[in-house]
Amino acid sequence: MACTAVVLCAMGLLGGTATSAYADDPKNPSADAERAAGAKTAADADARRLDDVRKKIDALYRKAEQATDAYNAATEQVELQQKEIVKLARSIDSTQRRLADVKRRAGALASAQYRGGGMPAEAKLMLNVDPGGFLDNATLARKGQLAAKRMISQLSHLEGDLKGYSDAATDRWEKLEANRKKKESAQRDIKKKIDEAKQLESRLAAKEKGRLKKLEDELAFQQQQKWLDSGVLKDIGNKASAPGKKAISYATAQIGKDYVWGAEGPDTFDCSGLTLRAWQAGGRTIPRTSQEQWHQLPRVALKDMRPGDLIIYFSDASHVGMYLGDGAIVHAPRPGRQVTITGAGSMPILGVVRPDGDG
């Protein structure tokens, strides 16, 4: 059904190309030819101009998508490091309390020795003339030595732990600040690219915007048709897993919702935010960004692909869509567009990953 919808839509677009007719002037055929040639030249120039605008807009949105991936990755790292810092703070607090307790007991031991005249237990042992007292003192002295050694060892160990936790916390804070700066830089970069693309689109008349959308769809259809003509689908016939069906159901239910960079739903999505939430609905937790989905999830050959698998696009893994079967994907394309179904081969495929596959 998805494939049929894509093909019919594209055929409609391709079948809607406007043509111009010119009435022949039998008295001046050369003038007719000149007018026709001039009109064709103007139409070609206009088409080239619009295609140049499309390429510039596409390039800007591609760069924004790359920056979005960097933003999402930095956000994930910031959240992770914040959690680690909280854990380290708890460890430092616990260690400080234990250290204070050991120091208190060490102080009590020192006070007891002071009250005993400051004489070491070993000296008292040697001066005791009573055999029974001698044995009692020997046992006490041994216990005292062991207690003192344990206390010294505990102090040393706890002080070492405290230093280690403090150094680790400092390191995490430095990384946290670095990732915050990366996040802010990526955010500025995204806004700049999206604003530039929107300005380019805003300069187009309403009629031209419609033609631009049509041009994008035609190009996607041509790339999809080329992919299908390669015979790739003849080897792909696997069925979706039970979790995959749930993920597909969630993703297709979001069709028509706006793309917003960094969004994870429920009202707006970016490309990897959509696949993240869809597979959460399928009972699997996957990485946040398309690049990490590519790096961390099990990879499968294209011929082994099944509905629910994620197709990663472009050499930098900056885009992702969910395979639906019959050569179609559902994805969140770019700012200014909505979650939609399109051809799986309409963009350059890097590879395929399986969220519920074997690690």
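Results, tabulated for the structure shown:
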item: Listed residues Gln187, Leu228, Gln280: farthest to the positive end of the dipole of segment 171-309 (Cβ charges); result: Gln280
item: Amide H contacts of Val300 (H built 1.01 Å from N, under 5 Å, at least 5 apart or other chain); result: Val352, Val353, Arg354
item: Size of electric dipole in segment 263-303: Cβ of Lys, Arg +1 and of Asp, Glu -1, about Cα centre, debye, nearest 20; result: 280 debye
item: Under the Karplus curve 6.51 cos²θ - 1.76 cosθ + 1.60, θ = phi - 60°, whole-Hz ³J(HN,Hα) for segment 230-238, x wherever Gly or Pro sits; result: 6, x, 4, 6, 5, 9, 10, x, 6
item: Long pairs among Lys56/Lys303; Lys213/Lys234; Lys198/Lys239; Lys175/Lys198; Lys191/Lys213, criterion Cα-Cα beyond 29 Å; result: Lys56/Lys303; Lys213/Lys234; Lys198/Lys239; Lys175/Lys198
item: Kirkwood Rh, Cα atoms: Rg over Rh of segment 254-315; result: 0.96
item: Highest to lowest packing among 260-266, 318-324, scored as the average C-beta count within 10 Å; result: 318-324, 260-266
item: Debye log10 I(q)/I(0) for segment 242-359, one point scatterer per Cα, at q = 0.10, 0.17, 0.18, 0.23 Å⁻¹; result: -0.23, -0.70, -0.80, -1.42
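Where a number appears in this text, it was derived from the coordinates with a stated rule and is not lab data. Fair warning: this is a prediction, and the values are worked out from it, not measured in the lab. For neighbour counting, all protein chains shown are included, and Cβ atoms are generated from backbone atoms with ideal geometry for every residue, glycine included.
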